[in-house]
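Worksheet for the structure shown next.
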Amino acid sequence: MTARTLILMRHGKSGYPAGVTDHERPLASRGRREAALAGEWIAKDGLTVDAVLCSTAARTRETLQRTGIKAPVTYLDDIYGGTPEAIFESLRIHAPGDATTVLVIGHEPGMPETALALDPLCYLERFPTSAYAIIDVEVSWDQIGLAPDTSASLRAMRIPR
């Protein structure tokens with residue numbers, strides 16, 4: 001079994017323009033800057049993303065664009081309000097079987113709760129905007145989240161600032 005890497009990333013800091021729905025909120029200038037920094041850090045961590053699963057919200061789409069990551073993307077409504085089970089189901093269905101590293105860009109509480117569901121012993125003091133967790137996964141994508149022990153462990157937590 002090939003080791004896999006899951007990157008769970010929270011979108012960048014969003015703006016709150018008047019009259020804009022939550023789903024359509026754009027990134028604030030800080031969010032644009034920190035999302036770009038996150039992309040730089042992901043590259044410096046030596047991670048080559050093979051596939052991206054991204055919430056359909058404007059701020060997640062813009063976060064992905066700002067990271068500069070060029071990989072096939074699947075935009076999913078299920079990640080927008082995603083529970084860990086919804087995120088696992090999205091991975092089981094949409095992550096390519098041959099992908100070594102998959103990036104999921106979503107929201108709080110979905111991203112931190114998914115990290116904790118995979119590695120209940122990990123310690124996440126906080127999961128602010130533009131932060132990402134790097135998780136080593138030892139099951140195939142189509143099996144993630146199915147067994148009580150998914151053989152996953154938090155490798156690192158990064159907070160680009």
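Would you please classify the overall shape of segment 6-51 from the alpha carbon gyration tensor, given that a ≥ b ≥ c denote the square roots of the eigenvalues, rounded means a/c under 1.5, and beyond that prolate means a/b larger than b/c while oblate covers the rest? Intermediate values should be presented prior to the final figure.
On the way: a/c = 4.24, a/b = 2.16, b/c = 1.97.
Cα axes put segment 6-51 in the prolate bin.
Please give the contour-minus-distance gain from Asp142 to Lys44: 0.36 nm per residue of separation, less the Cα-Cα distance, rounded to one decimal in nm. Spell out each step's value before the answer.
Values: separation 98, 0.36 × 98 = 35.28 nm, distance 2.83 nm.
Between Asp142 and Lys44, full extension yields 32.5 nm more.
Taking only Cα atoms, what is the 0 to 90° angle, nearest 10, from helix 84-94's long axis to the longest principal axis of the chain?
80 degrees
In Å, the Kirkwood hydrodynamic radius of segment 1-115 over pairs of distinct alpha carbons?
On the way: mean 1/r = 0.0707 Å⁻¹.
Taking the inverse mean of 1/r over all distinct Cα pairs, segment 1-115 comes out at 14.2 Å.
Per the helix-only calculation at 222 nm, which mean residue ellipticity applies to the chain, given -39500 (n - 2.57) for every DSSP H run of n ≥ 4 and division by its residues, nearest 500 deg cm²/dmol? Each step should come with its number before you reach the end.
Working: 4 runs with 46 residues, N = 161.
Per the formula, -9000 deg cm²/dmol.
Rounded to the nearest percent, how much of the accessible area of the chain (1.4 Å probe, protein heavy atoms only) is carbon and sulfur? Before the final figure, lay out each step's value.
On the way: 3810 of 7450 Å².
The value for the chain is 51 percent carbon and sulfur by accessible area.
Using 0.36 nm per residue, how much length does the chain from His23 to Thr83 gain when fully extended, once their Cα-Cα distance is taken away? Spell out each step's value before the answer.
Numbers: separation 60, 0.36 × 60 = 21.60 nm, distance 1.67 nm.
Difference between extended and current length: 19.9 nm.
How high is the FRET efficiency between Arg92 and Tyr16 when r is their beta carbon distance and R₀ equals 41 Å, given to the nearest 0.05? Walk me through the numbers on the way to the answer.
Values: r = 34 Å, r/R0 = 0.83.
Calculated transfer efficiency: 0.75.
Place a point 7 Å from the Cα of Ala3 along the Cα-to-Cβ direction; which residues of segment 81-110 have their backbone N under 17 Å from it?
99-102
Roughly speaking, what is the stretch gain from Arg126 to Arg155, that is 0.36 nm per residue apart minus the C-alpha to C-alpha distance, in nm to one decimal? Write down the numbers at each step before the final one.
Values: separation 29, 0.36 × 29 = 10.44 nm, distance 1.56 nm.
Extending this stretch completely gives an extra 8.9 nm.
The values are calculated or read from the model by the stated rules, or taken from the named source; none is laboratory data. The structure presented is a predicted model; accordingly, all values stated were derived computationally and were not measured. Positions of Cβ are backbone-derived with ideal geometry, glycine not excepted, and every protein chain shown enters the neighbour counts. Side chains included, ligands, DNA and RNA excluded: accessible areas come from the protein's heavy atoms. Shrake-Rupley method; radii C 1.70, N 1.55, O 1.52, S 1.80 Å.
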